[in-house]
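Q: I am attaching a structure below and will ask some questions about it afterwards.
Just so it is clear, none of the values below were taken in a lab; they were calculated from the coordinates. Because the structure is predicted, anything quoted here is derived from the model rather than measured. So basically every Cβ, Gly included, is an ideal-geometry build from the backbone, and we count neighbours across all protein chains shown.
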């Protein structure tokens, strides 16, 4: 009887150790950034800077900036859109809190749904997890319908898999492009030199 108890305790410890290892691991996540108020490109860059400033987040890749006409209510200025790949130790809901804190710090106001915004940061993918609760849905429920999300994301992660639709970003982009065409200015000035690469020049901010 004593031996059985000992084995059971050992197994429990092993299980706890595996959970702890998973909790302390690194997750790859993809975020969409958008701005159509004020200096739009600067807002995108400051959002990247503030993400990287968090000790539990590393911005590994950043797309070019793309300009699109606003979708949603009322007449609005065009958006600058981009996507980033991050490596993080944060649980997904804590990551959401960090993103919302950055939005607030950069002057985001939430008075009008789908309205103009200084900065918008959406979590698109969090590893291959599927999450649905009152605060968050992962994958982002509309990402596969939005070319302004898919095009920047395709630039940095064409082979990333949408865990619900089980298609990669390249395929989702081509499907959506065939349905609706593209409305992008690919020649925006600014930060194209870091296309698809590491984003680590934060000191200038």
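Q: Pull out a ≥ b ≥ c, the square roots of the eigenvalues of the alpha-carbon gyration tensor of the range 42-94, then state rounded if a/c is under 1.5, prolate if not and a/b is larger than b/c, and oblate in the remaining case.
A: Details: a/c = 2.70, a/b = 2.03, b/c = 1.33.
In terms of gyration-tensor shape, prolate.
Q: With r defined as the distance between the Cβ atoms of residue 93 and residue 177 and R0 fixed at 35 Å, what FRET efficiency is calculated, to the nearest 0.05? The partial results should precede the final answer.
A: Values: r = 33 Å, r/R0 = 0.94.
Computed FRET efficiency for residue 93 and residue 177: 0.60.
Q: At 0.36 nm per residue, and after removing the present C-alpha to C-alpha distance, how many nm does the segment from residue 75 to residue 137 gain when stretched out fully? Don't skip to the end; give the middle numbers.
A: Working: separation 62, 0.36 × 62 = 22.32 nm, distance 2.78 nm.
In short, 19.5 nm is gained.
Q: Compute the FRET efficiency between residue 127 and residue 100 as 1/(1 + (r/R0)^6), taking r as their Cβ-Cβ distance and R0 = 25 Å, and round to the nearest 0.05.
A: 0.80
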